[in-house]
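What follows draws every value from the coordinates through simple rules; no lab data is involved. What you are looking at is a predicted structure, and each value in this text was computed from that prediction instead of being measured. Quick reminder, even Gly has a Cβ in these numbers, built from the backbone with ideal geometry, and neighbours come from all protein chains shown.
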Amino acid sequence: MTLIAADHLSVRFGGATVLEDVSLRIAPGEIVTLIGPNGSGKSTLLRALLGIVPASSGSVSRKPGLRIGYVPQKLHIDRGLPMPVRRFLSLPQRHGAAETAAALARVGLEGAEAKAMTDLSGGQMQRVLLARALLMQPDILILDEPTQGLDQPGEAAFYQLIDEVRRQMGCAVLMVSHDLHVVMAASDRVICLNGHVCCEGAPQVVSNAPEYRALFGLGTKGALALYQHRHDHDHDHDHGHGHDHAHPHHLHEADDHAR
Amino acid sequence: MPADFLIRAALAGLGLALAAGPLGCFVVWRRMAYFGDATSHGAILGVALALAFSTSVFVGTLGVALLMALAVSTLAGRGWAIDTTLGVLAHAALALGLIAISFVRSVRVDLESYLFGDILAVTPADLWFIWGGAALVAGLIAARWSALLTSTLSEDLAHASGVSPARERMVLTLALALVVAVAIKVVGALLISAMLIIPAAAARSLARTPEAMALAAIGIGAVAALAGLGASLTLDTPAGPSIVAAAAACFVLSLALGALRRA
């Protein structure tokens, strides 16, 4: 029983082909992670699966009535829009106070209902986004680099939370991640993307695949050596930091950045 | 007992406040201020066409406002920067409208009333149009409130929760055209955006939820309409600009109130 699937999906923007002949299917309860260099079409693939970006050829299919909990990379809320957490969690469907409180408690933000969304730190914002996704009673959680802009303890805590949630709710998880440590620890399956599917399989299988090594240029044996250097450790504030895909990856030996 | 024309003027102002308050909030939240300008400047062209073809001014402005709004969304969707698109369309429409209206000889003297409104000359028939249009806009926004709010927050989140942002954009486009048609008699084409933006901006410092902000914007718009009308009568100032000036005064007051509340 497949929750969501792409079948020979291609996406082109203008003349540029972003995704070429991508096929994948997500089964209930599994954690699948998309990895790949910048510009490899990871976010585009998620957006195509969500129906935001139309397929140029091929198709996307979803189980009828599939409930998706989506956590975007980040959410910018205009200061002109007064939005308390409680109200945000009830968009677009209303949820009761008890239900809302339980969702906030689950993500470790008890009693944050009355806070303004614009006053949240980056980590709190990601947790609220996750709480909102959980309130949809999702069959699948879709997360697009959900820890961008979090510091490392925040990042580790966030992935742990996702793992707990998955175990409690039994939903599938499809996420884009840069952080291969986490990928390898937490995923059932890894899909390595570079415009097309380079390789996929269990984390160990992928990390030994020549395609993967060619893409990420790893030196160390078996251990996970990729670490994306962060130029901008953005501790706990939520302004729109320009930390995006613009600059190239810096590859380091994992030892340089013992975690 | 105030004269009938005053009562009609007050009712027209209140009708505009009812529609412009909630819609203005979306204009502020989505940063569509220029969008309102383009649509309302197009209305002058609508007036000229309506007079040339002897149809109702309400129908003419509604039609052209709708076309303008559609043209703006289409061009913006094609990758032109939104401010460039609007700069071209708004001023081109205004210029074309002024040229077109100069061909309709009989109204040359009336031009000012379409640019700045003529609220004291609102007829009972106008009032039906104004309240009909205002009720339609308010109803439309109320009915789609949650979906509109979700797609305003984030189009991606809206998509993922089964809301179509394109449809919600159309709802707002339609509402905007209606408000322009409603407002042209009250404050005139040049000041319609002001009635959308100023009450909503004033409401921001007073509200903690989107719903409260929309209601406060209606209230502030209503106060501004009545206060502006009153000032216009006692000081013999033009009515439309007086209403906008009163709204601006409310905005300044709201800043002070907001500062007090935070203190």
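The distance between label points at B:Leu260 and B:Thr84 comes to 4.7 nm (points 7 Å beyond Cα on the Cα→Cβ vector). In a fully extended conformation the segment linking B:Thr74 and B:Ala3 would gain 21.0 nm over its present Cα-Cα distance, using 0.36 nm per residue. Annotation: amide H-H contacts under 5 Å for A:Val176 (H modelled 1.01 Å from N, sequence separation of 5 or more, or interchain): A:Leu34, A:Leu143, A:Asp144, A:Glu145. With θ set to phi - 60°, apply the Karplus curve 6.51 cos²θ - 1.76 cosθ + 1.60 along the stretch A:147-160 and write out the HN-Hα couplings as whole Hz, x wherever there is a Gly or Pro. For the stretch A:147-160, the Karplus curve yields 10, 4, x, 9, 7, 5, x, x, 5, 4, 5, 5, 5, 4 Hz. Taking 7 Å steps out from each Cα toward its Cβ at A:Asp151 and A:Met1 produces label points 4.3 nm apart. Here the gap between B:Glu112 and B:Ser56, fully extended at 0.36 nm per residue and compared with their Cα-Cα distance, gives a gain of 18.4 nm.
Determine the shape class of the stretch B:121-263: with a ≥ b ≥ c the square roots of the Cα gyration tensor eigenvalues, call it rounded for a/c under 1.5, and otherwise prolate if a/b is greater than b/c, oblate otherwise.
Details: a/c = 2.72, a/b = 1.31, b/c = 2.07.
Oblate, because a/c is 1.5 or more while a/b does not exceed b/c.
Return the percentage of antiparallel bridges among DSSP beta bridges fully within the protein assembly as shown, rounded to the nearest 5 %. Restricted to the protein assembly as shown, the bridges split so that about 50 percent are antiparallel. Shown in residue order for the stretch B:164-179 are the 3J(HN,Hα) couplings computed by the Karplus curve 6.51 cos²θ - 1.76 cosθ + 1.60 at θ = phi - 60°: 8, x, 5, 5, 5, 4, 5, 4, 5, 4, 4, 4, 5, 4, 5, 5 Hz (x for Gly and Pro). Shielding by partners for peptide A:14-23, expressed as the average number of C-beta atoms from other protein chains within 10 Å of each residue's C-beta, is 0. Across the stretch B:4-189, Cα-Cα pairs farther apart than 31 Å form 17% of the total. Cα centroid separation, the stretch B:183-225 to the stretch B:19-64: 16 Å.
The modelled label-to-label distance for the pair B:Thr237/B:Ala142, using points 7 Å beyond Cα in the direction of Cβ, is 3.3 nm. For the stretch B:159-260, the list of trypsin sites (Lys or Arg not before Pro) that fall in a loop by DSSP and count at most 15 other C-beta atoms within 10 angstrom reads B:Arg208. For chain B, averaging the sequence separation of C-alpha pairs within contact (under 8 Å, six or more residues apart) and dividing by the residue count gives a relative contact order of 31 percent.
Backbone phi angles across the stretch A:41-51, fed through the Karplus curve with coefficients 6.51, -1.76 and 1.60 (θ = phi - 60°), yield HN-Hα couplings of x, 5, 5, 4, 4, 4, 5, 5, 5, 7, x Hz in residue order; Gly and Pro are listed as x. The antiparallel fraction among DSSP beta bridges confined to the stretch A:93-208 stands at about 45%. Computed over every Cα-Cα pair of the protein assembly as shown and binned at 10 Å starting from 0, the pair-distance distribution P(r) comes out as 4, 17, 23, 21, 16, 11, 6, 2, 0, 0 percent. Under a 5 Å amide H cut-off, with hydrogens placed 1.01 Å from N, A:Tyr70 pairs with A:Ile142 among residues at least 5 apart or on other chains. In this calculation the C-beta distance from B:Ala248 to A:His196 is compared with R0 = 45 Å, giving a FRET efficiency of 0.20.
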